[in-house]
């Protein structure tokens, strides 16, 4: 049901763009006003969210330690999974963000109890989620980078190089970018497991289906533009450059699919800062990953530490138990006579 | 043990298919056996007096009743408390926002693996709170409600929190696998703090916390009784070794203050571990003292509220100062070391007196640089250093009847990273050692299912279910290698793993690390040993 709501929502967005830019002839609004506003909302929303997180302090250093600590000199420390210095922590974060290291650990529980005699609970390696998540995210990244050719004149060499590698298989005309198919595979897998794995379906919300379907729709509309409608890229670049340099010209002769694509991207930009997609920023701020395991070595300051919280004092303890302590021959600060 | 299913029946009862109703519509089950008993009125009142602002609404109540006798403004208290914690903890704020519900954590929780209740999937456990976050604090959640997984605070939600945040042992296994490091322990801690504000609590946590505050230890052992216990142990050691040793208590002027969980002073098999410490200290001539005022290494404040944790923990430095000790040696414990390693100096570092110094092993000269700030060393680190420098005379053959495996405690694993030190010690005192399967040890270790204050009898069904992953891994090495002993460095484990092993892997006994060390340890001037610390005959001395 939640998946269907999300699908209807995405289709509605497609219809809005088709009608708005097509039938209603509001090309200027859909080419300039909507994406411009969306971009501002994205940037402001993203920054505001990060500032909002950063405003809350990190009272305690609580890294999840995933390997041997630094202790005695002759015991090798697992520096990447249990860092004790800044550079080691940076390495942990780098691996986390670039290789999805924690997700790579993933296992799947298998419970065999059919015969009931020798029940086995096993944990088998399960890297599918990691693989498709990597495919999805890297394809997304490369696609975003490739699109920078529309924003920059002249097109930087690095982007030309990315395009070259991405189309290295040289199949289909216009030449197929591999990332276009990979992002469909990645997002398709992520969606399929939500739909077909009962546990995943149980925890999934509209908040989960909607962005996936939106991104799939963006990819599909983009591919339609390139491979089927074969839109006029130069005309689009003029629009985009106009948007970034504030030289707005009424767009002419661009296929309607462009406006659909752009409207879906605008929706994603607006939706981004208010959604789980902010894991892009949040992953950098997670206190179980971005801190060294070093509070036995170095002091960490908690800004709201309350010095008024004191332990139940020894004096109060001795006052309560002085007699029996005295009788038991335990050392005392004040013997019963002094106290009396 | 309460009336619970037999192991094979329990295994067969596990079903990972979620119910047909969505989780927000699935009613909660508050029947007996599903929850731990609420705290006794006098304990709550005592703690309210000792640590103001943490506990509220003292009363006698029963979770089975429809009326939980909440204060009229309970909703306001909880929502405001939630807001306050979002501003105090970046962890909470980030964790409320960034979960993508990828489900990587879902089958990592021992309670889910052994029970199949979807609300025990870490992602859903956190959603119990996240849904309120969305409903109370985000615009989209307020407008769109359930469509975006949002809901508002209601009494049933509070009851659901009580059920499921007391079915989390704060073991952090889920956090290891989370691509964003979302830590359910952190979420559970916050939820429990909020529950305390309106008087929802469990006795198994608050009574130890109150005891610890008043008598110095969770078990409520008063100073003179503590002395008697130590005397008993000294007597037993004399019976076993022929040596009578002097154990300083509350004495000033010693170099080291030794603090261990009071569980070691009270029941089998912890007492053997305690005897092990005493024998070790005697063997190396350590200049140390015990304290009755700081006679607790553990800290049930960790399972309660950060202020409670700080107040209990502060005794360690206060007592080191009063007695003039240079550093603190800590005994075998799990959650104690989460506190010492990740919270202690931050909370109470300012209490350290000028006499405290970076710990140096007086026998080997090793400087414990990793403890230069807290001035506190784990005894497994200490003993590993002694053995590495050949300072202990060990006779492994006394443990030759033992085929051991090692249980990594959650907190020393994922809140510290102490893996090699205890294994090194263990392998130097026993000949036969086999680790459990890779995915169940070290950083991936499974909880005993009784941590974070849940080691109480009335929830035995939940505990045994949660104990399945550990129990099954233990059974595996028992069948494959004949393992008959599981050693650990955690006082809660030494209590909880016994029923767990009896249930899932009968025939395996549980020991502390230093029990095995002391069995192998040759003391100067001791008589020939014919029995182990449990006063069972050593190999070769069995009666015909």
GNM, chain A, Cα, under 10 Å: largest mean-square fluctuation among A:163, A:301, A:320? A:320
Which whole-number percent is the relative contact order of chain B (Cα, under 8 Å, 6+ apart)? 17 percent
Label residue A:80 and residue A:112 with points 7 Å out from Cα along Cα→Cβ: what is the distance between them in nm? 3.2 nm
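Between residue B:15 and residue B:59, 0.36 nm times their residue separation minus their Cα-Cα distance comes to what?
Numbers: separation 44, 0.36 × 44 = 15.84 nm, distance 3.80 nm.
Computed gain between residue B:15 and residue B:59 is 12.0 nm.
Could you work out the mean count of beta carbons from other protein chains within 10 Å of each residue's beta carbon in B:57-69? Present the calculation step by step, with values, prior to reporting the outcome.
Numbers: counts 0, 0, 0, 0, 0, 0, 0, 0, 0, 0, 0, 0, 0.
Per residue, the average neighbour count from other chains is 0.
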What's the FRET efficiency of residue A:98 with residue B:431 using the Cβ-Cβ distance as r and R₀ = 35 Å, to the nearest 0.05? 0.20
Using a/c under 1.5 as the rounded threshold, could you call the stretch B:301-409 rounded, prolate or oblate? The axes a ≥ b ≥ c are square roots of the C-alpha gyration tensor eigenvalues, and prolate needs a/b larger than b/c, oblate otherwise. oblate
Take the Cα atoms of chain A, find their three principal axes, and give me the spread along each one in whole Å, biggest first. 103, 60, 45
Treating the stretch B:216-388 as a set of equal point scatterers at the Cα positions, no solvent, please give the Debye-formula log₁₀ I(q)/I(0) at q = 0.08, 0.10, 0.16, 0.17 Å⁻¹. -0.22, -0.34, -0.92, -1.05
The stretch B:424-472 shape via C-alpha gyration tensor axes, a/c threshold 1.5: prolate
When chain A is treated as a GNM, springs tying every alpha-carbon pair under 10 Å, which of A:307, A:57, A:156 comes out with the largest mean-square fluctuation? A:307
Calculate the length of the line joining the C-alpha centroid of the stretch A:19-80 to that of the stretch B:321-386, in whole Å. 38 Å
Tell me the relative contact order for the stretch A:137-275 as a rounded percent, counting alpha carbon contacts under 8 Å between residues six or more apart. 23 percent
How big is D, in µm² s⁻¹, for chain B by Stokes-Einstein at 25 °C and 0.890 mPa s if Rh is the Kirkwood radius over C-alpha pairs? 102 µm²/s
Identify the residues of the stretch B:405-425 with backbone N under 18 Å of a label point that sits 7 angstrom from the Cα of residue B:481 along the Cα-to-Cβ direction, or state none. B:405-409, B:419-425
Alpha carbon centroid spacing (whole Å) that separates the stretch B:137-199 from the stretch B:20-56: 14 Å
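Counting other beta carbons within 10 Å of each residue's own, what order do A:49, B:372 fall into, fewest first?
On the way: A:49 19, B:372 15.
Lowest count first: B:372, A:49.
On full extension of the chain, what length is gained from residue A:9 through residue A:153, given 0.36 nm per residue of separation minus the C-alpha to C-alpha distance? Please report the intermediate quantities before stating the final value.
On the way: separation 144, 0.36 × 144 = 51.84 nm, distance 3.59 nm.
Value of the extension gain: 48.3 nm.
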Quick note, the stretch B:177-228: a/c under 1.5 would make it rounded; otherwise a/b > b/c is prolate and the rest oblate (a ≥ b ≥ c, C-alpha gyration tensor); here it is oblate
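Using R₀ = 56 Å, calculate the FRET efficiency as 1/(1 + (r/R₀)^6) where r is the Cβ-Cβ separation of residue A:28 and residue B:80; round to 0.05. Let's see the in-between values first.
Details: r = 48 Å, r/R0 = 0.86.
FRET efficiency, residue A:28 to residue B:80: 0.70.
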Among A:161, A:229, A:21, the residue with the largest mean-square fluctuation in a Gaussian network model of chain A built from Cα contacts under 10 Å is A:161
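So what is the relative contact order for chain A, in percent, with contacts set as C-alpha pairs under 8 Å and at least six apart? Before the final figure, lay out each step's value.
Numbers: 356 pairs, mean separation 100.1, N = 340.
Across chain A, relative contact order equals 29 percent.
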P(r) for the stretch B:396-520, please, calculated from all Cα pair distances in 10 Å bins and given in %. 14, 48, 32, 5, 0
Against the longest alpha carbon principal axis of chain B, how many degrees, from 0 to 90 and to the nearest 10, is the axis of helix B:74-88 turned? 60 degrees
Say each of residue B:40 and residue A:128 gets a label point 7 Å from the Cα, pointing the same way as Cα to Cβ; how far apart are those two points in nm? 5.4 nm
Nearest-ten-degree value, helix B:468-481 long axis tilted from longest Cα axis of chain B: 40 degrees
If you fit an axis through the alpha-carbon atoms of helix B:223-241 and take the longest principal axis of the Cα set of chain B, what angle between them do you get, 0 to 90°, nearest 10? 50 degrees
Bridge orientation stat for the protein assembly as shown from DSSP, antiparallel percent rounded to 5, came to 30 percent
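Given the DSSP H assignment, sum -39500 (n - 2.57) over each helix run of at least 4 residues in the protein assembly as shown and divide by its residue total; what's the result at 222 nm in deg cm²/dmol, nearest 500?
Numbers: 38 runs with 424 residues, N = 884.
Mean residue ellipticity, 222 nm, calculated: -14500 deg cm²/dmol.
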For the stretch B:164-205, what is the convex hull (Cα atoms) projected area averaged across all directions, in square nanometres? 3.1 nm²
Roughly what would the spin-label model give for residue A:196 and residue B:8, points 7 Å off Cα along C-beta, in nm? 3.6 nm
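For a footprinting-style exposure proxy, rank B:310, B:396 by other Cβ within 10 Å, fewest first. Write down the numbers at each step before the final one.
Numbers: B:310 26, B:396 16.
So the residues, fewest neighbours to most, are B:396, B:310.
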What FRET efficiency do you get for residue A:338 and residue B:147 if R0 is 56 Å and r is their Cβ-Cβ distance, rounded to the nearest 0.05? 0.20
Could you list log10 I(q)/I(0) for the protein assembly as shown at q = 0.04, 0.05, 0.06, 0.09 Å⁻¹, which the Debye formula gives when each Cα is one point scatterer? -0.21, -0.32, -0.45, -0.93
Rounded Å value of the spacing that divides the Cα centres of the stretch B:479-522 and the stretch B:213-270: 22 Å
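May I ask you to sort B:504, B:61 by Cβ crowding, counting other Cβ atoms within 10 Å and putting the fewest first? Display every interim value, and only then the final one.
Values: B:504 25, B:61 18.
By the 10 Å Cβ count, ascending, the order reads B:61, B:504.
A short reminder: the numbers here are calculations on the coordinates, not readings from a lab. None of these values were measured; they are calculated from a predicted model. FYI the Cβ positions are ideal-geometry reconstructions off the backbone, even for glycines, and counts take in every protein chain you see.
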